[in-house]
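Below is one structure, written out as structure tokens; comments come after it.
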Amino acid sequence: MAVYTLPELPYDYAALAPVISPEIIELHHDKHHAAYVKGANDTLEQLAEARDREQWGSINGLEKNLAFHLSGHILHSIYWHNMTGDGGGEPLADDGVGDLADAIANSFGSFAHFKAQLTKAAATTQGSGWGVLAYEPLSGRLIVEQVYDHQGNVGQGSTPILVFDAWEHAFYLQYKNQKVDFIEAMWAVVNWQDVARRYEAAKARTDVLLLTP
């Protein structure tokens, strides 16, 4: 039985146009995201078989595959909800997301500084990766992470609340090799209501990191 399932999109394929074309959304969700879900489920089956047979010659590759596919599934599941055709701008108290706006200002100095850092982090990933705004529980601050592939270069315990997909499959059909143009355009579809809900949920989690018994 499959453990992970492909979530439905919260909008139709054309909802984010012209920032992201319907063709890209369809291929990205139905093909690429689906492949990560299948990869995670297949790897779990292979690990179960390795346990049953007590054959561990492929354990390193299987653990890496599980991290890769599962992280891809998780980040994409956040990604779809982080966007809306009615989004963009910046989080404001008048829109009911004042706590998020304050957290961004406290963590980065200003929204403009945060936007510049996340844009640069996403646009300069070497090869495939993501730019991520995450809640870091030890400090209670927001941080920007530059994630290589899906799972590398991540602070342990941090919770992603806003993710920018910088893999070529996210933009190449429309933006060609202009990754920076795609990242800049992404700001016009950010769903700050969704990001704020994720921020509040991340803050509410206690004892996430048990550094001492």
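The values are calculated or read from the model by the stated rules, or taken from the named source; none is laboratory data. Bear in mind the structure is a predicted one, so any value in this text is a computation, not a measurement. Ideal geometry is used to build each Cβ from the backbone, glycine not excepted, and the neighbour counts take in all protein chains shown. Only protein heavy atoms, including side chains, enter the accessible area calculation; ligands, DNA and RNA are left aside. Shrake-Rupley method; radii C 1.70, N 1.55, O 1.52, S 1.80 Å.
Filtering the stretch 34-65 to residues that are within 25 Å of Leu9 (Cβ to Cβ) and not β-branched (Val, Ile, Thr) leaves Ala34, Ala35, Tyr36, Lys38, Gly39, Ala40, Asn41, Asp42, Leu44.
Checking Gly87, Gly57 one by one, the residue that is part of a loop (DSSP other than H, G, I, E, B) and over 20 Å from the mean Cα position of the chain (by Cα) is Gly57 and no other. Among the residues making up the stretch 122-158, those that are outside any loop (DSSP other than H, G, I, E, B), more than 10 Å from the chain's Cα centre (by Cα) and in contact (Cβ under 8 Å) with a residue 40 or more places away in the chain are Ala122, Ala123, Tyr135, Leu142. When only residues in the stretch 106-139 that are open to solvent by 40 Å² or more (accessible area, probe 1.4 Å) and of a type in the set (A, V, I, L, M, F, W, C) count, which is nearest to Glu90 (Cα to Cα)? So, considering only residues that are open to solvent by 40 Å² or more (accessible area, probe 1.4 Å) and of a type in the set (A, V, I, L, M, F, W, C), the one nearest to Glu90 (Cα to Cα) is Ala112.
In the stretch 156-194, the qualifying residues are those that are under 27 Å from Leu92 (Cβ atoms) and of a type in the set (D, E, K, R), and the one that is surrounded by the most Cβ atoms within 10 Å (Cβ to Cβ) is Asp165. Would you tally the residues in the stretch 7-29 being open to solvent by 70 Å² or more (accessible area, probe 1.4 Å), in a helix (DSSP H, G or I) and free of Cβ contacts under 8 Å to residues at least 40 places away in the same chain? Within the stretch 7-29, residues that are open to solvent by 70 Å² or more (accessible area, probe 1.4 Å), in a helix (DSSP H, G or I) and free of Cβ contacts under 8 Å to residues at least 40 places away in the same chain number 1. Given the criterion under 24 Å from His150 (Cβ atoms), without any contact (Cβ under 8 Å) to a residue 12 or more places away in the chain and open to solvent by less than 50 Å² (accessible area, probe 1.4 Å), identify the matching residue among Ala48, Ala40. Answer to the check: Ala48.
If you go through the stretch 69-105 and pick out every residue that is hydrophobic (A, V, I, L, M, F, W, C), open to solvent by 30 Å² or more (accessible area, probe 1.4 Å) and under 14 Å from Arg198 (Cβ atoms), you end up with 1.
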